[in-house]
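We did not get these values from a lab; they are worked out from the coordinates using the rules stated. This one's a predicted model, so the numbers in the text were calculated from it and none came from an experiment. Cβ placement follows ideal geometry from the backbone for every residue including glycine, while neighbour counts extend to all protein chains displayed.
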Amino acid sequence: MAMQAITQALDFYLFDELLSDEERDYRDRVRAFCDEEVIPIINPYWERAEFPHELVPKLAALNIAGGSIQGYGCPGMSSVAAGVIGAELSRGDGSVCTFFGVTSGLAMSSIYYCGSEEQRQQWLPALAKLEKIGAFGLTEPYIGSDASHIQTTAQRVGDRYILNGAKRWIGNATFADVTIIWARDEESGQVGGFLVERDTPGFEAKPIAGKIAKRALINADITLTNCEIPERNRLAKAFSFKDTANVLKNTRYGVAWEGVGHAMAAFELARDYAMKRKQFGRPIASFQLIQQKLVHMLGEVTAIQLLCWRLSRLRDEGRMTDGMASLAKQQSAARARSVVALGREILGGNGVLLENHMARHFADMEAVYTYEGSNEINTLVVGREITGIQAFA
């Protein structure tokens, strides 16, 4: 009876039945990869703030990069499949999930939605195999949430573009083969996307030290000083910030799934610990206050799991709006943040030890709560959609 209860707690609303055979196969393969390859080795990398490059070939062998992109060597999977992959990767480790998401999501989506056919053919097949790694340069040191007013500039000189400016918090940028830099075209005044290849003169990426979250992911400060690229490296279909926002909308749903993964991990770790940890002569899972925390955690996990599933189905039907994506990210991040906090409480002092994994998820959720639109910005995106009134300055 006890074993049946534990099994049911992992899938309390029978979420598994909502997945197709293919979606379950993707989920199971990525879960096995995380259980066997990621979780056993990740803590020392996280503590040293180093990325585990040894995992990249093994991750590539799963053939999942590119997600729902059709063609170009990409798997062309459903949005639900891509979502549960993100959840499973973050359940294993948030840094590995974000490393993958930056290449498979932000970088590849920018090229797929905004690039010419030639640019797609040049980059997407290699990125899909993780033979090439991508980065996405939008956020700036003094322009965070107000991304439509970026200050990095692109000046056209003959058949070249000269980029000047700075970017901050750019994952993968220190070793990426291509970084999509979003800059304001001085001629049109509009935002465009530019493919900056590794070792381009004038492009410098320095790791950001001292992070307390996603420590195994290398984020960078980028400086662009008269960085010269050929005209063919401008994304052919990026004409304004609306195109940038479309890329963000189509990757924001994936970040919502990241919250699901961290919450799942926290619930599983907390429940398992509560069943084994004994105080006052009995497992702490037998005490009412612990059961109340576990039930609250399970309710939050189930709610965001189903919310993200529905959003992903709407995306596949072409009906996902900006507000829908923002609501899912806002709700998932806020609820998952509370789940990992409760998980840390259940583990008590052991919850702050890296060896028990909870501390890593607890810290990493702070980053998820902020990036891909902060809680406040995503709230205002939804508010604008349901009232028709923009509250942004």
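Observations
- Distance between the range 37-83 and the range 234-281 - C-alpha centres, whole angstrom: 14 Å
- Of the chymotrypsin sites (Phe, Trp or Tyr not before Pro) found in the range 139-199, the ones in coil according to DSSP and having at most 16 other Cβ atoms within 10 Å of their Cβ are Tyr142, Phe175.
- Inverse of mean 1/r across different Cα pairs in the range 241-387, Kirkwood, Å: 16.0 Å
- Lys-Lys pairs in the chain that are eight or more residues apart or on separate chains and whose Cα atoms lie under 25 Å of each other come to 28.
- Percent RCO, i.e. relative contact order, over the range 241-387, from Cα pairs under 8 Å lying at least 6 residues apart: 33 percent
- Note on Thr225/Glu131: beta-carbon distance plugged into 1/(1 + (r/R0)^6) with R0 of 41 Å gives a FRET efficiency of 0.90.
- Taking every alpha-carbon pair under 8 Å whose residues sit at least 6 apart, the range 123-172 reaches a relative contact order of 37 percent.
- Kirkwood-based shape ratio for the chain, expressed as Rg/Rh from alpha carbons: 0.98
- Structure-based [θ]222 nm, the chain - -39500 (n - 2.57) summed over DSSP H runs of at least 4, per residue, nearest 500: -16000 deg cm²/dmol
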